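Presented below is the structure to which this report refers.
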């Protein structure tokens, strides 16, 4: 709600107030290039996950490079994307409740919108909302491909739900949502590859039955930054939902990548912080704590300062343990690599976009707080 | 940034969209009563921490009951409080950097403002900013009373810094900031009591020297919800900075309270969530994950649903494990008790204030995201 801006275009990075969410544009664009190169020649489309960035400016840059659209987790995120000029949004999640379904159906009058379902009652409610809005809504069946979160079981249960969708007058069965979220942070390449092979088997088991039932399956969509190349070459998936590749957070960086074929994306997203206290030789305290960087997947990493480790976060403090070599004084500014990019982005209202040490742009995070 | 509101005044709770941050006004007011009763007859003032609520509507209610003002962690939080009508704010933290110091000094022209310092260079910068703004700024010395975060060591180092403040033309030495943050969540009462006794010894060691130096110490301020009654009866502290007592989160609820003398504050803050998926008998998935409830101090607790445990959070999903008795269907709404109230509040733009099952008010969280 604060109208304060920590930066202005043209400022040098050293002048940017802290904490601020910094996007290194060169690194960000190299990550986009790496993704493009890794998919060159493959018959697969990318539909990047906008839950990671929540920013139409980024979505439009992804689409300009050939992304088919974006996916979102929430109706209000999808609204923010459409408001920002994105023409094609998949809500890669279930949407429940009359208020949300009404908004979702209304959104389908302004953009190409699809949504997922894993419950027959919800399919009925989706049909009713679409009918009331006078739209035909694309609905995908979410299948549990091993993450054990949402989704119907593969095979007959998925087919039964697809048939319920196909029978609904205001809905169109648009394929399978098959995201193996639990595979993304398995550290070893072989574990991730095996998890995606198992997911693919579950999808195939389902598409064979969908074909037999005469429904077919025009689209299988899923995948994340940790595994997307395995889905890409599976022959099973049509769309990839990777999101974090543009930023590469500290948790993803802990994965093994060698031999995966997946490029080493580089860190482009940072929390810009100031040393606010330097009480003893081996401790510095920065002004970026839990409200500046989400620690759900581990503490942030200190970038570019040898021997400094971020060891403890409280609301507005981050405690750094300093080894012998680390030189930090009160007032020094430094970059932190967030442990988990998605919930960290959700703490900020703008990216301070930096190139060559200068602020080139401020991009509003218009879906910040869009949890509905 | 979303203009969407999940609730309107007069709505029944069951109609409120999810996720929403619910404040149970009866429970909130009982917590205010409990705090008042626990301090009745004691010569101590309360200066509640506004980092917990970030809401002038709440600050003004605390002040109407006798709070001397509020404390904040950041300059922008203090600005939001003053903008909302709070006349007295202590920034219970160091403020570093020219841009922030300029704003802090400007704020001191609009309200009674004080700030902490633990570094001689910072004292010089504070003096310069106060001089430029034409104000005399109250500065407290932050003393390390055992938390090992910010703060100079007690005794001679604290006195030297107090003298530097007292010598500064545009500053006034206004006392000691002595917050033992590491004590607040020690589970056993005896451990918390012992930590505060040790903190009090460090403060006394310092105030004796301040008296000898002819500076004196008009104010010792500190304490949190976990220990405040120990500081209140210490004879050492003048102000208590408890914040979480108004909400009582799941982490604080894990403390032992019996024999502490501190009342059992009750949960008044909830995340209102919807069951969005019910894929198998023992699992429900709610629409409130990492972006709806901070998990830094543990998962949220499910309120009022026997046998349901929140076991895993991803960005926009919370997985509940269900015991035999739990009855939950897709579309059911339920209350979650956040693990840690402060960073959870910081995810939302408003409290949906409920009394007797009806929405009585919507209070804006005007300092949401105010990290500067």
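Filter region B:127-148 down to the residues that are crowded, with 23+ Cβ neighbours inside 10 Å and at the interface with another protein chain (Cβ under 9 Å from one of its Cβ atoms), then identify the one that is nearest to residue B:94 (Cα to Cα).
Among residues in region B:127-148 that are crowded, with 23+ Cβ neighbours inside 10 Å and at the interface with another protein chain (Cβ under 9 Å from one of its Cβ atoms), the one nearest to residue B:94 (Cα to Cα) is B:142.
Kindly indicate whether residue B:124 is at pLDDT 95 or above, surrounded by fewer than 24 Cβ atoms within 10 Å (Cβ to Cβ), closer than 24 Å to residue B:204 by Cβ and over 19 Å from the mean Cα position of the chain (by Cα). Give the derivation first.
Numbers: at pLDDT 95 or above: yes; surrounded by fewer than 24 Cβ atoms within 10 Å (Cβ to Cβ): yes; closer than 24 Å to residue B:204 by Cβ: no; over 19 Å from the mean Cα position of the chain (by Cα): yes.
No; evaluated as a whole, the condition is false for this residue.
From the set of residues in region A:269-295 that are out of contact with any strand residue (DSSP E or B) (no Cβ under 7 Å at 6 or more places or on another chain) and closer than 25 Å to residue B:370 by Cα, which is nearest to the other protein chains (Cβ to nearest Cβ)? Steps first, answer last, please.
Going residue by residue through region A:269-295, those that are out of contact with any strand residue (DSSP E or B) (no Cβ under 7 Å at 6 or more places or on another chain) are A:280-281, A:291, A:294.
Restricting the remaining residues to those that are closer than 25 Å to residue B:370 by Cα gives A:291, A:294.
Working: A:291: 5, A:294: 7 Å.
So the residue we want is A:291.
Any chance region B:287-298 includes a residue that's at pLDDT below 95 and in a loop (DSSP other than H, G, I, E, B)?
So the first thing to find is which residues in region B:287-298 are at pLDDT below 95, and the list is none.
No, region B:287-298 has no match at all.
Within region A:26-47, does at least one residue satisfy the condition of being under 28 Å from residue A:5 (Cα atoms), without any contact (Cβ under 8 Å) to a residue 12 or more places away in the chain and away from every other protein chain (no Cβ under 11 Å)?
Residues of region A:26-47 under 28 Å from residue A:5 (Cα atoms): A:26-32.
If we keep only those that are without any contact (Cβ under 8 Å) to a residue 12 or more places away in the chain as well, we get A:29.
Filter once more, so that each one left must be away from every other protein chain (no Cβ under 11 Å): A:29.
Yes - at least one qualifying residue is present in region A:26-47.
Against the definition (at negative phi, part of a strand (DSSP E or B), without any contact (Cβ under 8 Å) to a residue 40 or more places away in the chain and crowded, with 18+ Cβ neighbours inside 10 Å), how does residue B:352 come out, yes or no? If you could, list the steps in order and put the result at the bottom.
Numbers: at negative phi: yes; part of a strand (DSSP E or B): yes; without any contact (Cβ under 8 Å) to a residue 40 or more places away in the chain: no; crowded, with 18+ Cβ neighbours inside 10 Å: yes.
When the stated conditions are applied, residue B:352 does not pass them.
Among the listed residues B:309, B:256, B:316, B:239, which satisfies the condition of being at pLDDT 95 or above and touching a helix residue (DSSP H, G or I) at 6+ places or on another chain (Cβ under 6 Å)? Let's see the steps before the verdict.
Values: B:309 fails: touching a helix residue (DSSP H, G or I) at 6+ places or on another chain (Cβ under 6 Å); B:316 fails: touching a helix residue (DSSP H, G or I) at 6+ places or on another chain (Cβ under 6 Å); B:239 fails: touching a helix residue (DSSP H, G or I) at 6+ places or on another chain (Cβ under 6 Å).
Among B:309, B:256, B:316, B:239, only B:256 is at pLDDT 95 or above and touching a helix residue (DSSP H, G or I) at 6+ places or on another chain (Cβ under 6 Å).
Could you list all residues from region B:163-194 that are over 21 Å from residue B:233 (Cβ atoms) and without any contact (Cβ under 8 Å) to a residue 40 or more places away in the chain?
Selection gives B:167, B:172.
Give region A:14-25 a look and list any residue that's in a helix (DSSP H, G or I) and away from chain B (no Cβ under 14 Å), or say none.
Restricting attention to region A:14-25, the residues satisfying the condition of being in a helix (DSSP H, G or I) are A:14-15, A:25.
A:25 - this is the single residue of region A:14-25 that is in a helix (DSSP H, G or I) and away from chain B (no Cβ under 14 Å).
Pull up region A:100-118, narrow it to residues that are in contact (Cβ under 8 Å) with a residue 40 or more places away in the chain and touching a strand residue (DSSP E or B) at 6+ places or on another chain (Cβ under 7 Å), then point me to the one that is surrounded by the most Cβ atoms within 10 Å (Cβ to Cβ).
Step by step, filter region A:100-118, then rank; the result is A:117.
Yes or no, residue by residue, for (1) modelled with pLDDT of 95 or more; (2) in contact with a strand residue (DSSP E or B) (Cβ under 6 Å, 6 or more places away or on another chain); (3) assigned by TED's automatic domain parsing to the domain that holds residue A:47; (4) under 16 Å from residue A:216 (Cβ atoms):
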{"position": "A:163", "(1), (2), (3), (4)": "yes, no, yes, yes"}
{"position": "A:168", "(1), (2), (3), (4)": "yes, no, yes, no"}
{"position": "A:174", "(1), (2), (3), (4)": "yes, yes, yes, yes"}
{"position": "A:184", "(1), (2), (3), (4)": "yes, no, yes, no"}
{"position": "A:189", "(1), (2), (3), (4)": "yes, no, yes, no"}
{"position": "A:192", "(1), (2), (3), (4)": "yes, no, yes, no"}
{"position": "A:195", "(1), (2), (3), (4)": "yes, no, yes, no"}
{"position": "A:200", "(1), (2), (3), (4)": "yes, no, yes, no"}
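Which count do you get for residues in region B:355-370 that are in contact with a helix residue (DSSP H, G or I) (Cβ under 7 Å, 6 or more places away or on another chain) and assigned to a loop (DSSP other than H, G, I, E, B)?
5
In this structure, is residue B:40 closer than 20 Å to residue B:261 by Cα and surrounded by 16 or more Cβ atoms within 10 Å (Cβ to Cβ)? Reasoning before the result, please.
Working: closer than 20 Å to residue B:261 by Cα: yes; surrounded by 16 or more Cβ atoms within 10 Å (Cβ to Cβ): no.
Criteria not met by residue B:40.
Please find, among A:260, A:244, A:314, A:294, the residue that is under 17 Å from the mean Cα position of the chain (by Cα) and outside the structural domain of residue A:195 (by TED's automatic domain parsing). So that I can check it myself, show each step before the final result.
Working: A:260 fails: under 17 Å from the mean Cα position of the chain (by Cα); A:244 fails: outside the structural domain of residue A:195 (by TED's automatic domain parsing); A:314 fails: under 17 Å from the mean Cα position of the chain (by Cα).
Step by step, each of A:260, A:244, A:314, A:294 is checked, and only A:294 is under 17 Å from the mean Cα position of the chain (by Cα) and outside the structural domain of residue A:195 (by TED's automatic domain parsing).
What is the one condition in (1) touching a helix residue (DSSP H, G or I) at 6+ places or on another chain (Cβ under 8 Å); (2) over 17 Å from residue B:342 (Cβ atoms) that residue B:91 does not satisfy?
Only one criterion is unmet by residue B:91, namely (2).
From the list B:222, B:216, which residue is in contact with a helix residue (DSSP H, G or I) (Cβ under 7 Å, 6 or more places away or on another chain), within 23 Å of residue B:151 (Cα to Cα) and free of Cβ contacts under 8 Å to residues at least 12 places away in the same chain?
On the way: B:222 fails: free of Cβ contacts under 8 Å to residues at least 12 places away in the same chain.
Residue meeting the stated conditions: B:216.
Is there a residue in region A:76-88 that is more than 10 Å from every other protein chain (Cβ to nearest Cβ), closer than 30 Å to residue A:61 by Cβ and assigned to a strand (DSSP E or B)?
Checking region A:76-88: at least one residue is more than 10 Å from every other protein chain (Cβ to nearest Cβ), closer than 30 Å to residue A:61 by Cβ and assigned to a strand (DSSP E or B).
Identify, please: which residue in region A:331-351 is at the interface with chain B (Cβ under 8 Å from one of its Cβ atoms) and touching a strand residue (DSSP E or B) at 6+ places or on another chain (Cβ under 9 Å) and is, among those, nearest to residue A:307 (Cα to Cα)? Spell out the reasoning first.
To start, the set of residues in region A:331-351 that are at the interface with chain B (Cβ under 8 Å from one of its Cβ atoms) comprises A:331, A:340, A:342-343, A:346-349.
Narrowing further to those that are touching a strand residue (DSSP E or B) at 6+ places or on another chain (Cβ under 9 Å): A:331, A:342, A:347-349.
Details: A:331: 18, A:342: 27, A:347: 28, A:348: 28, A:349: 31 Å.
It comes out as A:331.
Scan region A:336-349 and tell me whether some residue there is closer than 22 Å to residue A:5 by Cβ, in contact (Cβ under 8 Å) with a residue 12 or more places away in the chain and part of a strand (DSSP E or B).
Within region A:336-349 (the criterion being closer than 22 Å to residue A:5 by Cβ, in contact (Cβ under 8 Å) with a residue 12 or more places away in the chain and part of a strand (DSSP E or B)), the answer is yes, since at least one residue qualifies.
Of the residues that make up region B:89-100, is at least one within 10 Å of chain A (Cβ to nearest Cβ), more than 19 Å from the chain's Cα centre (by Cα) and in a strand (DSSP E or B)?
no
In region B:176-202, what residues are buried (at least 24 other Cβ atoms within 10 Å of the Cβ) and over 28 Å from residue B:253 (Cα atoms)?
B:176
Among the residues that make up region B:319-330, is at least one of them modelled with pLDDT of 95 or more, more than 10 Å from chain A (Cβ to nearest Cβ), under 24 Å from residue B:252 (Cβ atoms) and not in a strand (DSSP E or B)?
Taking every residue of region B:319-330 in turn, none turns out to be modelled with pLDDT of 95 or more, more than 10 Å from chain A (Cβ to nearest Cβ), under 24 Å from residue B:252 (Cβ atoms) and not in a strand (DSSP E or B).
Confirm whether residue B:10 is more than 13 Å from chain A (Cβ to nearest Cβ), on the phi > 0 side of the Ramachandran plot and buried (at least 20 other Cβ atoms within 10 Å of the Cβ). Full working, then the answer.
Values: more than 13 Å from chain A (Cβ to nearest Cβ): yes; on the phi > 0 side of the Ramachandran plot: yes; buried (at least 20 other Cβ atoms within 10 Å of the Cβ): no.
Answer is no for this residue.
Which of the residues belonging to region A:150-163 are surrounded by 20 or more Cβ atoms within 10 Å (Cβ to Cβ) and within 14 Å of chain B (Cβ to nearest Cβ)?
Step one: of region A:150-163, the residues surrounded by 20 or more Cβ atoms within 10 Å (Cβ to Cβ) are A:150-152, A:154, A:158-159, A:161-162.
Within region A:150-163, A:150, A:151, A:152, A:154, A:158, A:161 qualify.
Is it true that residue B:147 is in contact (Cβ under 8 Å) with a residue 12 or more places away in the chain, in contact with a strand residue (DSSP E or B) (Cβ under 7 Å, 6 or more places away or on another chain) and in the same structural domain as residue B:193 (by TED's automatic domain parsing)?
Values: in contact (Cβ under 8 Å) with a residue 12 or more places away in the chain: yes; in contact with a strand residue (DSSP E or B) (Cβ under 7 Å, 6 or more places away or on another chain): no; in the same structural domain as residue B:193 (by TED's automatic domain parsing): yes.
In short, no.
The values are calculated or read from the model by the stated rules, or taken from the named source; none is laboratory data. Just so we're clear, the structure is a prediction, and the values are computed from it rather than from any experiment. In this analysis, Cβ positions are derived from the backbone assuming ideal geometry, glycine residues included, and neighbour counts consider all displayed protein chains.
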